[in-house]
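Report on one structure; see the data block that follows.
The values are calculated or read from the model by the stated rules, or taken from the named source; none is laboratory data. Quantities reported herein were computed from a predicted structural model and do not represent experimental measurements. All Cβ positions, even for glycine, are placed from backbone atoms using ideal geometry, and neighbour counts span all protein chains on display. Quick note on the areas: whole protein, heavy atoms, side chains included, nothing else; ligands and nucleic acids left out. Shrake-Rupley method; radii C 1.70, N 1.55, O 1.52, S 1.80 Å.
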Amino acid sequence: MHVDEWGITFAGDSRVHWARLTLPGSHDSAGAVEWKQSGRGPHWLGFLADASDLLAGTLDPDMVPAIIAQIVVPRLSHWCAVYTADTASSPLRLAYLWHADEARIDGLREQLADMDVASVGTRMSSTFHLGDNEVLAVPLTARGRSLGVMCLGRPDRFPDEAIQLAEDIGRRAALAADNARVYAQQAAANRALQRSLLPPNEPEVPGLDYGVVYEPAGEANEVGGDFYDLFKAGDDSWRFAIGDVCGTGPEAAAVTGLARHTLRLLAREGYGVAAVLGRLNQAILEEGERARFLTLLHGDITPADNGLEVRLVSAGHPEALRLKPSGVVEPVTTPQSLLGVFPEVLFEADTVHLEPGDVLLAVTDGVTERRSGGRLLDDEGGLAKMLAECAGLSARAVAERIRRSAADFATEPSADDLAILVLRAR
């Protein structure tokens with residue numbers, strides 16, 4: 001199979017960057033379709049195998065009709081019109097139209113506008129005439145559900161072998177379209193769930209400059225096992241959190257949602273940071289077998305006369321670091337038990353005063369455990385050394401510098417989520 005670049009015209013007259021597919025035995029010109037009366041031998045088995053590979057190669061429902069037309073034109077017909085329906089009760093609409101002679105597409109579209117496609121080919125294959133062409137209408141049905149109709153046109157009669165081959169392609173195309181439809185629905189639901197787990201807004205905190213970097217692993221993910229939050233808890237108090245749930249997928253997302261909402265609810269009820277973590281630990285344990293352990297750094301921020309007063313608890317989380325304007329870096333948290341493991345845990349808060357220009361850095365292990373060969377980024381205090389080079393930078397610049405340093409530490413893409421939260425006293 002040979003692939004060379006081509007622009008395809010969709011029914012809506014928009015253009016996309018795609019590939020022209022030249023399958024075995026096809027013609028690049030708009031001439032007559034060659035049909036060898038040789039039956040469906042090994043040549044056609046290869047053709048069907050190539051067609052299946054092409055159809056299986058996309059999970060975009062909007063691209064499946066284009067691929068169908070590229071497969072059959074000009075190998076089986078001079079032109080192809082693919083009709084689809086958005087739902088089982090929706091009318092069929094022209095999703096894609098292609099002709100071996102591109103100059104004839106507009107005229108063909110006008111001819112098809114008068115055709116009642118719902119009356120042909122929706123239950124079983126049928127042939128009819130449209131102008132000088134014989135048209136073969138093949139239903140696209142998968143898992144008992146009608147998805148649309150594939151109409152093929154050519155000036156001469158369709159041989160029986162061509163009809164059988166078109167029906168075979170129609171079955172494969174319908175299954176590919178249905179798989180793409182299901183995937184798109186699941187992806188949309190997943191994105192909606194993930195968006196619900198992201199902080200709804202970024203508050204203004206008096207005296208605080210902050211920066212956040214958040215990169216979930218995986219191309220389709222907006223939220224992973226890592227999470228962060230910054231929200232108003234009282235008249236003069238704000239809370240922050242950065243955490244890492246063990247695992248990925250829906251189970252991790254469920255714990256992420258539980259943690260975020262529990263933190264916000266209890267903070268607004270007036271519970272201190274240590275008490276909040278104790279109750280969150282119990283809530284995670286009550287999830288039973290669905291529970292996932294969680295590392296979490298949670299703190300509150302109160303504006304003070306000379307900077308910010310911060311009380312925070314590190315529950316099994318990578319230690320938070322403070323950067324002084326002089327470039328001195330020091331850890332400011334006491335390691336305590338992670339959440340979701342031990343039922344009887346008492347947490348104690350550390351108090352840190354951030355003077356103007358001081359920076360507090362909190363990260364997940366997607367940063368500290370970034371691996372390059374046998375080395376981890378935080379071996380021998382690597383993170384502290386990176387932070388020391390950020391003296392004088394804004395919070396956003398510090399967060400971006402750490403992100404870039406983590407990315408540059410290894411050549412391969414990270415397989416772990418990454419979250420960075422930087423708080424800087426103005």
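At a glance:
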quantity	calculated
Ranked order, Y210, Y271 - accessible area, probe 1.4 Å, largest first	Y271, Y210
Computed accessible area, K385, all protein chains, 1.4 angstrom probe, square angstrom	120
At R0 = 60 Å, FRET efficiency that the Cβ-Cβ distance of A184 and D305 yields, to 0.05	0.60
Accessible area in square angstrom per residue, the stretch 98-160, 1.4 angstrom probe	52
List M63, M150, ordered by accessible area with a 1.4 Å probe, largest first	M63, M150
Span per principal axis, largest first, for the Cα atoms of the stretch 251-406 (Å)	47, 45, 23
Listed residues D229, D305, D379 arranged by accessible area, highest first, probe 1.4 Å	D305, D379, D229
Extreme residue, positive dipole direction of the stretch 209-332, given options G243, G257, G278 (C-beta unit charges)	G278
Whole-number accessible area per residue in Å² for the stretch 208-340, which is evaluated in the context of all protein chains at 1.4 Å	41
With all protein chains modelled, accessible area of F293 [1.4 Å, Å²]	90
Virtual spin-label span in nm between D160 and E269, 7 Å along Cα→Cβ	7.6
Solvent-accessible area, 1.4 Å probe, carbon plus sulfur percent, for the stretch 291-415	50
Coarse-grained scattering of the stretch 333-426 at q = 0.14, 0.19 Å⁻¹, given as base-10 log I(q)/I(0) from a Debye sum over alpha-carbon atoms	-0.62, -0.99
1.4 Å probe accessible area per residue over the stretch 342-403, in Å²	50
FRET efficiency, 1/(1 + (r/R0)^6) with R0 56 Å, evaluated for R191 and K385 via beta carbons	0.90
Antiparallel DSSP beta bridges within the stretch 293-426, percent to nearest 5	95
